[in-house]
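Here is the structure we will look at, set down as structure tokens.
No lab work stands behind these numbers, since they all come straight from the coordinates. Fair warning: this is a prediction, and the values are worked out from it, not measured in the lab. Here the Cβ positions follow ideal geometry from the backbone for every residue, glycine too, while neighbour counts run over all protein chains shown.
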Amino acid sequence: MAVNIKKKVNFDERANAEVEKRAEAKAAEAPAEPKEKKGPPKRAKKTEEYYKDKYPHFIPGSLVFDPSANKQKAKIKCIECDNEDREVYTSDLFQVKTCLNCSKKKRQAKRDANAAKKEAAEAAKTQPAEAPAAEAKSA
Ligand SMILES: [Zn+2]
């Protein structure tokens, strides 16, 4: 009888130890993942290579972490005029490839083209109606 009880205790102890071991292993695994996700230094080194490969206008060595926005920024070399002054968030690298000046020029050119198109369409429509008004003004 005594032997049986001892055996049972041993079994329970072993089972408990096993459960504890598993819990410990799980606990040791769990915090490891979120820890790796954080930490800008490790990430910054990785992304520098990544951006260099992916975006030709990215200037290597310009990658910095902006704590106020909690984002990384980098400088770009304008694909139009080679200006290197523009700093953008890395999340915008895929769409921002020109300096502010060239972007402005591009935007203005687009606006001008649209305006010219609209004007031409408008002129074709309103030309007959406008002519008498202009005549009346000059008269
Ligand atoms: Zn430019």
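Taking other residues whose beta carbon is less than 11 angstrom from the beta carbon of residue 87, and scoring Lys, Arg as +1 and Asp, Glu as -1, yields -1.
Summary of packing: across the peptides 88-99, 115-126, the per-residue average of other C-beta atoms within 10 Å ranks them, highest first, as 88-99, 115-126. Note on residue 66 and residue 107: their simple-model spin labels are 1.6 nm apart, each label 7 Å out from Cα toward Cβ.
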